[in-house]
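Novice: Provided herewith is a single structure, encoded as structure tokens, for subsequent inquiry.
The numbers here are math on the coordinates, done by the rules we state, and not lab data. This one's a predicted model, so the numbers in the text were calculated from it and none came from an experiment. Positions of Cβ are generated from backbone atoms using ideal geometry, with glycine treated the same way; all protein chains shown enter the neighbour counts.
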Amino acid sequence: MSKVIAWIKLIRFQNLTIIILTQILIKFCLINIFIDNYILDDYYFLLYLIALIFIVAGGYIINDIFDVKTDIVNKKKIIVDKVINKSIALKTYYLLNIIGLTSGFYLSYLLKEIMFSFIFLFFVVSLFKYSKKYKKSFIIGNLLVSFLTALSIINITIFDIIINRTLKNGDIMIIKIILAYSIFSFIITLIREIIKDLEDKEGDLKINAQTLAIKLGVGITKRITLVLVVLTMLGIIYFQYFQYSIINSIFEYDILIWGCNNISFAYVSLIQIIFLLLCWKIKSAYKKENFYFISQILKLIMILGILSIPLFTFLHIN
């Protein structure tokens, strides 16, 4: 493995790309289109993005630094200490966090909302604590990383809409839409984290980890993930009922019916079909590779969810 490829894998370039895409689509396909006086111009948004991405990249690095022994047991490809020197990885972690925090603090200063800078500090501390202490603990690590994923989505509304504003109905509706996406990302991330615990169960047993899969067993853990999947599907069914009601009504076409048309309904139905496949795969999974495949299905669902933002907006304004 070359050094370049190793660094790309270390900072989880694919995951960072998804995070960047999510932030850009929320900003330019929702906020900038439907909010009259948004706060973040292009320069401010760049500062926000730098802060978030550099801190998350640092979080991935510190995760791998603490995970060297675990990854050896779980027979994963080792990067830190094998391809990239641990000392260099640690220095890069500090550098990324310094850049991220500086950008976040500077943005908060420009917005005259210094207290908001502590949101970025919270990310740094939480990612460190997750990697060092909570990752292999019973459910806490799963909940923490899911919460941080959801926070990274809802966070932009704090900086771009809520600051110094008297919220109007249109603003509140956009906040509700973004909140719905953040809840969706929380649940999908939680399911994926639990599935990853099932995938790594054999190795985690050897390092005395206390994950859900180890404490409750594979069978019960699979049932928990199925319950979470079904609850998510029920939430989507509720949204589809709302879509169907709007499509078959004569309401005036405005922001209240964003995402409510035949194509959007079909798109959401496609996601539901994938969820049905997911249920079947979870129920029949028993090997490490089965759980890995399920994890990839969940990533696909997350990406399809993100891509619904530009699709629904395009259909709405056209």
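Novice: Just list whichever of Lys133/Lys287; Lys135/Lys215; Lys77/Lys287; Lys27/Lys168; Lys77/Lys222 have alpha carbons separated by over 23 Å in the model shown.
Specialist: From the list (Lys133/Lys287; Lys135/Lys215; Lys77/Lys287; Lys27/Lys168; Lys77/Lys222), the Cα-Cα distance tops 23 Å for Lys133/Lys287; Lys77/Lys222.
Novice: Sort Ile84, Ile195 so that the residue with the fewest other Cβ atoms within 10 Å of its own Cβ comes first and the one with the most comes last.
Specialist: Ordered by Cβ neighbours within 10 Å, fewest first: Ile84, Ile195.
Novice: Sorted from fewest to most neighbouring beta carbons within 10 Å, what does the list Lys287, Lys215, Lys135 look like?
Specialist: The most exposed by this proxy come first: Lys287, Lys215, Lys135.
Novice: Here's something else I'd like to know. Restricting to DSSP H runs of at least four residues, report the calculated mean residue ellipticity at 222 nm for the chain, -39500 (n - 2.57) per run over all residues, nearest 500 deg cm²/dmol.
Specialist: -25000 deg cm²/dmol
Novice: Could you give the dipole magnitude of segment 24-178 about its Cα centre, charging the beta-carbon of Lys and Arg +1 and that of Asp and Glu -1, in debye to the nearest 20?
Specialist: About 840 debye.
Novice: Under 8 Å for C-alpha pairs, at least 6 residues apart: give me the relative contact order for the chain, rounded to a whole percent.
Specialist: Computed value for the chain: 19 percent relative contact order.
Novice: Still on this model: Which of the DSSP-defined H helices in the chain satisfy a minimum axial length of 18 Å, computed from C-alpha atoms, and a minimum mean Kyte-Doolittle hydropathy of -0.5?
Specialist: Answer set is 13-26, 42-66, 86-110, 117-129, 140-157, 169-199, 218-247, 262-284, 288-317.
Novice: Quick check on packing: order 276-282, 122-128, 46-52 by the mean number of other C-beta atoms within 10 Å, highest mean leading.
Specialist: With the highest mean Cβ count within 10 Å placed first, the list reads 46-52, 122-128, 276-282.
Novice: Which residue, chosen from Ser182, Leu127, Cys260, occupies the Cα position most advanced towards the positive end of the dipole of the chain, where the dipole is computed from +1 (Lys, Arg) and -1 (Asp, Glu) charges on Cβ about the Cα centre?
Specialist: Working it through, the farthest residue towards the positive pole turns out to be Leu127.
Novice: To continue, here is another question. Could you list Lys3, Lys9, Lys82 so that the one with the fewest beta carbons within 10 Å of its beta carbon is first and the one with the most is last?
Specialist: Fewest to most other Cβ atoms nearby, the residues stand as Lys3, Lys82, Lys9.
Novice: Give the label of the value calculated from the structure for percent of Cα pairs over 39 Å apart, choosing from (i) 28; (ii) 16; (iii) 13.
Specialist: Calculated percent of Cα pairs over 39 Å apart: the matching label is (ii).
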